[in-house]
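Structure first, then comments.
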Amino acid sequence: ALTEVDLSEILLEAHLKSRETSITGEERLRRLIAADRIRLDLGVFKTLWDNKEMIPASFSGRTNNNATCVFFDGQTLRSPHGKRYTLSLYLHDDGTWYWNVYWLGLDRLVSDPSAVLAR
């Protein structure tokens, strides 16, 4: 368990292979685990949400003209029906930060990277 995170060390990774335009959240999670990345969790998400001035500038960028939607795949949430979800954070065009939960069965695009640390 991490007790501190150097925000300058956060990487945003989509883990798409050549010619892939999207993968499911489940496949992304498998690839992140295989790549031995430290996946940031709900604790990091909550700290950033409560202290928006700390959110790294890379989170507010745009990819292919879409807002970057950063996923926190270090911890999954489970619905009463058994579906798994992860939290995401993104900057809306109006300059307001928003969060959402996404089912791991849905596709993730290049503009939907995961927040990780290299080992």
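Converting phi to 3J(HN,Hα) with the Karplus coefficients 6.51, -1.76 and 1.60 and the offset θ = phi - 60°, region 9-22 yields 8, 6, 10, 10, 10, 8, 6, 8, 8, 3, 6, 7, 9, 6 Hz in sequence order, with x at every glycine or proline. Here the average projected area of the convex hull drawn through the C-alpha atoms of region 1-61 stands at 5.2 nm². Within 15 Å, Cβ to Cβ, of residue 48, how many net charges do the neighbouring residues add up to if Lys/Arg are +1 and Asp/Glu are -1? Its environment carries a net charge of -4.
For the chain, adding -39500 (n - 2.57) for each run of n ≥ 4 DSSP H residues and dividing by the number of residues yields -4500 deg cm²/dmol at 222 nm. Any idea what the relative contact order of region 1-77 is, in percent, if you count C-alpha pairs under 8 Å spaced at least 6 apart? Normalised by residue count, the contact order of region 1-77 is 31 percent.
For the chain, the solvent-accessible area of protein heavy atoms averages 59 Å² per residue (probe radius 1.4 Å; ligands and nucleic acids excluded).
Within the accessible area of the chain, the carbon and sulfur atoms contribute 50%, probe 1.4 Å, all protein chains present.
Taken as Cα centroids, region 66-119 and region 1-33 sit 11 Å apart, rounded to the nearest whole angstrom.
Couplings for region 34-44, taken from phi via the Karplus curve 6.51 cos²θ - 1.76 cosθ + 1.60 with θ = phi - 60°, read 5, 7, 6, 8, 7, 7, 6, 10, 5, x, 5 Hz in order; Gly and Pro are left as x. Checking every one of the trypsin sites (Lys or Arg not before Pro) in region 1-85 against DSSP loop status and a limit of 12 other Cβ atoms within 10 Å picks out 17, 19, 83. In terms of its Cα atoms, region 59-110 spans 34, 20, 17 Å along the principal axes, sorted from long to short.
Starting from the Kirkwood Rh over alpha-carbon pairs, what translational D in µm² s⁻¹ does the chain have by Stokes-Einstein at 20 °C and 1.002 mPa s? Diffusion coefficient, whole number: 148 µm²/s.
The values are calculated or read from the model by the stated rules, or taken from the named source; none is laboratory data. Since the model is a prediction, treat every value here as computed from it, not as a measurement. Note that we place each Cβ from the backbone using ideal geometry, even for glycine, and neighbour counts take in every protein chain shown. What goes into the accessible areas is simple: the full protein's heavy atoms, side chains included, and nothing from ligands, DNA or RNA. Shrake-Rupley method; radii C 1.70, N 1.55, O 1.52, S 1.80 Å.
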